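Report on the structure given below.
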Amino acid sequence: MALMTLRLWEIANLALPLAAILAVQVALIAAVCFWPTFRLMGRDYDAAVMSSGFCGFMLGTTANAMANMGVLAERYGPAPRAYLVVPMVGAFFIDFTNAVIITAFLNLWR
């Protein structure tokens, strides 16, 4: 219902700023995945697969991360360490960290 009542002509002038924000976000995430993430994870095949998962996670959700890693694993072979680390970090540790951070900031705001 919300999409049906959306008047796109009223927000058409936001297309260029949104495209610019998206381009900057993609460039920043690509740089972060290539430089610190790949190098800190060990500069091997598992590190490359984890970097692709990180890229998918930062540009979307854990499902995007798994899809990115799946494409690499399908083409170049399995990466068991990456398939263990990325879903655990993306699904569990981030949720717990977000809960702690949100609670802390809400308590500061009161």
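The values are calculated or read from the model by the stated rules, or taken from the named source; none is laboratory data. Worth saying up front: this structure is predicted, and the values here are computed from it rather than measured. Because the Cβ atoms are built from the backbone with ideal geometry, glycine has one as well, and the counts that use them run over all protein chains shown. Heads up: the accessible areas ignore ligands, DNA and RNA and are worked out on the full protein's heavy atoms, side chains in. Shrake-Rupley method; radii C 1.70, N 1.55, O 1.52, S 1.80 Å.
Inclusion of A23 among residues that are surrounded by fewer than 11 Cβ atoms within 10 Å (Cβ to Cβ) and modelled with pLDDT of 95 or more is warranted. Considering L16, L3, the condition of being assigned to a helix (DSSP H, G or I), open to solvent by 100 Å² or more (accessible area, probe 1.4 Å), without any contact (Cβ under 8 Å) to a residue 40 or more places away in the chain and of a type outside the set (D, E, K, R) is satisfied by L16 alone. Scanning the stretch 72-90 for residues that are part of a helix (DSSP H, G or I) and open to solvent by 40 Å² or more (accessible area, probe 1.4 Å) yields L72, E74, R75, Y76, P80, R81, Y83, L84, V85, M88, V89. Of the residues making up the stretch 60-79, those that are of a type outside the set (S, T, N, Q) and in contact (Cβ under 8 Å) with a residue 24 or more places away in the chain are A65, L72, A73, Y76, G77, A79. Of the residues contained in the stretch 36-59, one or more are found to be in a loop (DSSP other than H, G, I, E, B) and either crowded, with 16+ Cβ neighbours inside 10 Å or in contact (Cβ under 8 Å) with a residue 40 or more places away in the chain (or both).
For the stretch 2-17, state whether one or more residues are among the acidic types (D, E) and over 15 Å from the mean Cα position of the chain (by Cα). Checked the stretch 2-17: at least one residue is among the acidic types (D, E) and over 15 Å from the mean Cα position of the chain (by Cα).
Restricted to the stretch 60-71, and to residues there that are within 15 Å of I94 (Cβ to Cβ) and among the polar types (S, T, N, Q), the residue that is surrounded by the fewest Cβ atoms within 10 Å (Cβ to Cβ) is T61.
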